[in-house]
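The values are calculated or read from the model by the stated rules, or taken from the named source; none is laboratory data. Because the structure is a prediction, the values reported are computed rather than measured. For neighbour counting, all protein chains shown are included, and Cβ atoms are generated from backbone atoms with ideal geometry for every residue, glycine included. Surface areas here come from the heavy atoms of the whole protein model, side chains and all, with no ligands, DNA or RNA. Shrake-Rupley method; radii C 1.70, N 1.55, O 1.52, S 1.80 Å.
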Amino acid sequence: MNVEDIKKICVIGAGNMGHQIAVCCALAGYRVSVTDISQEMLDKAEAFVKGYLPERVAKGKMKQEQADMALANLSFTASLEESAGDADYVIEAAVEKMNIKRKLFADLDRIAPPHAILATNSSFIVSSEVADATMRPEKVCNMHFFNPALVMKLVEVVQGPHTSMETAQVTMDLAAKLGKNGVLLKKEIYGFVVNRILAALNNEAMFLADMGIATPEEIDIAVTNALGHPMGPFRLIDLTGIDLAYYVGMERYQNTRDPKDKPSPLLVEKFTKGEYGIKTKKGFYTYE
Ligand code: 3HC
């Protein structure tokens with residue numbers, strides 16, 4: 001298989017990452033089917049698309065024909081069978097829970113055509129953790145986008161020991177077709193490159209806030225002004241999701257049992273209150 005054989009992409013999960021990954025693929029000319037178990041998430045994703053594309057046209061950032069093509073390319077369905085049944089490439093962007101991902105990969109293996117590549121957009125989980133739920137481990141890899149996926153240029157492609165060269169190459173080529181810069185990691189490591197570096201920064205930021213050394217706002221001001229990051233760690237966690245940070249932290253802690261991997265008290269407090277960041281309009285900051 002090569003990248004030219006990809007005509008239809010299935011994106012699983014209409015959340016923070018999935019809906020934007022889907023639009024990236026549709027803008028690159030692929031037929032895209034987005035699927036989610038939640039009809040509400042699908043409706044939200046569709047509403048986003050119907051607002052975003054005309055807005056880009058109005059801003060002069062996109063031609064009307066491009067927007068029309070992307071809209072025509074996109075479909076939304078709660079049926080995994082309908083979405084993945086004739087897909088050439090699947091990008092799983094579901095919730096970061098191992099049991100759910102393993103079940104999904106087992107289902108996908110049954111539903112998707114035998115030639116289809118099954119990639120996970122997981123933020124931390126290496127694909128060997130899900131590849132063995134399928135009969136096609138050589139066609140399983142990580143394809144990791146960054147939030148907001150429509151803007152961020154990087155895609156990390158991780159080739160596990162089970163992943164074939166062909167799968168890794170097709171995935172790198174697909175990233176290029178989407179206008180992204182791919183980096184290929186030839187060894188698996190939990191969290192890959194970017195999220196490992198980010199986790200170190202975030203852990204320290206949480207520690208400083210938990211200790212009362214500075215408030216989240218002050219820490220964000222410090223980081224943006226001194227390090228030139230576009231957003232400080234707390235505003236960024238609000239963007240990527242406090243729920244995601246919590247699930248990932250718990251998953252990691254369960255693996256390592258290292259206390260420094262445990263979600264910090266401040267993060268747990270926000271998670272418990274259901275304050276997940278931008279998506280719930282309240283996190284470390286409040287949003288209109
Ligand atoms: N969705 C789509 N497009 C968006 C967007 C969103 N949520 N937010 C901003 N944009 C677009 C705007 O439309 C604008 O596009 P244009 O210049 O072509 O018109 C452009 O981005 C700049 O937007 P703004 O001027 O409104 O705002 P900023 O200049 O402050 O940029 C930002 C916003 C791009 C989010 C910038 O603050 C940024 O780069 N932040 C850091 C993001 C980051 O670090 N992401 C990685 C997170 S880690 C991760 O994703 C790991 C994963 O596993 C969860």
| query | Has segment 136-143 got at least one residue that is open to solvent by 40 Å² or more (accessible area, probe 1.4 Å), on the phi < 0 side of the Ramachandran plot, more than 14 Å from the ligand (Cβ to nearest atom) and at pLDDT 95 or above? | reply | yes
| What is the one condition in (1) buried (at least 24 other Cβ atoms within 10 Å of the Cβ); (2) assigned to a helix (DSSP H, G or I); (3) away from the ligand (no atom under 15 Å from the Cβ) that Glu4 does not satisfy? | (1)
| field | Of the criteria (1) within 16 Å of the ligand (Cβ to nearest atom); (2) open to solvent by less than 20 Å² (accessible area, probe 1.4 Å); (3) outside any loop (DSSP other than H, G, I, E, B), which one Lys50 fails | value | (2)
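Go through segment 149-160 and report how many residues are open to solvent by less than 30 Å² (accessible area, probe 1.4 Å) and either β-branched (Val, Ile, Thr) or within 6 Å of the ligand (Cβ to nearest atom) (or both).
Filtering segment 149-160 down to residues open to solvent by less than 30 Å² (accessible area, probe 1.4 Å) leaves 149, 155-160.
After this cut, where a residue has to be either β-branched (Val, Ile, Thr) or within 6 Å of the ligand (Cβ to nearest atom) (or both) as well, the list is 155, 157-158.
Summing the residues that are open to solvent by less than 30 Å² (accessible area, probe 1.4 Å) and either β-branched (Val, Ile, Thr) or within 6 Å of the ligand (Cβ to nearest atom) (or both) in segment 149-160 gives 3.
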| query | Does at least one position in segment 65-84 carry a residue that is in contact with a Ser or Thr (Cβ under 9 Å, 6 or more places away or on another chain) and part of a loop (DSSP other than H, G, I, E, B)? | reply | yes
| remark: Residue set Phe234, Phe207; condition open to solvent by 30 Å² or more (accessible area, probe 1.4 Å), on the phi < 0 side of the Ramachandran plot, in contact (Cβ under 8 Å) with a residue 24 or more places away in the chain and more than 18 Å from the chain's Cα centre (by Cα); output residue Phe207
| query | What is the number of the single condition among (1) touching a Leu at 6+ places or on another chain (Cβ under 9 Å); (2) open to solvent by less than 20 Å² (accessible area, probe 1.4 Å); (3) among the polar types (S, T, N, Q) that Ser83 does not meet? | reply | (1)
| Which of (1) within 15 Å of the ligand (Cβ to nearest atom); (2) over 16 Å from Gly191 (Cα atoms) does Leu266 not meet, given it meets every other one? | (1)
| When you scan segment 108-129, how many residues do you find that are within 16 Å of the ligand (Cβ to nearest atom) and in a strand (DSSP E or B)? | 2
| request: Please work out if Lys186 is over 26 Å from Gln20 (Cβ atoms) and either at pLDDT 95 or above or within 16 Å of the ligand (Cβ to nearest atom) (or both). | output: yes
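Return a yes/no flag: does segment 251-265 have any residue that is within 21 Å of Asn147 (Cα to Cα) and small (Gly, Ala, Ser).
Initially, segment 251-265 is screened for residues within 21 Å of Asn147 (Cα to Cα), giving 251-252, 263.
With small (Gly, Ala, Ser) added as a condition, the list becomes none.
The answer is no; no qualifying residue exists.
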| message | So Phe146 passes all but one of these: (1) surrounded by fewer than 22 Cβ atoms within 10 Å (Cβ to Cβ); (2) more than 12 Å from the ligand (Cβ to nearest atom). Which condition number does it fail? | response | (2)
| Given Thr224, Thr256, which one is more than 17 Å from Gly191 (Cβ to Cβ), out of contact with any His (no Cβ under 9 Å at 6 or more places or on another chain) and either not assigned by the TED database to the domain that holds Glu204 or not hydrophobic (A, V, I, L, M, F, W, C) (or both)? | Thr224
| query | In segment 210-228, what count of residues is obtained for those that are over 27 Å from the mean Cα position of the chain (by Cα) and part of a helix (DSSP H, G or I)? | reply | 5
| said: Let me spell it out: the conditions are (1) open to solvent by less than 60 Å² (accessible area, probe 1.4 Å); (2) within 14 Å of the ligand (Cβ to nearest atom); (3) of a type in the set (S, T, N, Q), and Gln66 meets all of them except one. Which number is the exception? | reply: (1)
| field | The one condition in (1) farther than 20 Å from Lys279 by Cβ; (2) open to solvent by 50 Å² or more (accessible area, probe 1.4 Å) that Ile219 fails to fulfil | value | (2)
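Quickly run through segment 7-17 and pick out the residues that are under 21 Å from Gly85 (Cβ atoms) and crowded, with 24+ Cβ neighbours inside 10 Å. Talk me through it step by step, then tell me what you get.
Restricting attention to segment 7-17, the residues satisfying the condition of being under 21 Å from Gly85 (Cβ atoms) are 7-14.
Across segment 7-17, the qualifying residues are Ile9, Cys10, Val11, Ile12, Gly13, Ala14.
Mind listing whichever residues of segment 40-50 are over 14 Å from Met17 (Cα atoms) and touching a strand residue (DSSP E or B) at 6+ places or on another chain (Cβ under 9 Å)? Working first, answer last.
As a first pass, look at segment 40-50 and keep what is over 14 Å from Met17 (Cα atoms): 40, 43, 47, 50.
Across segment 40-50, the qualifying residue is only Asp43.
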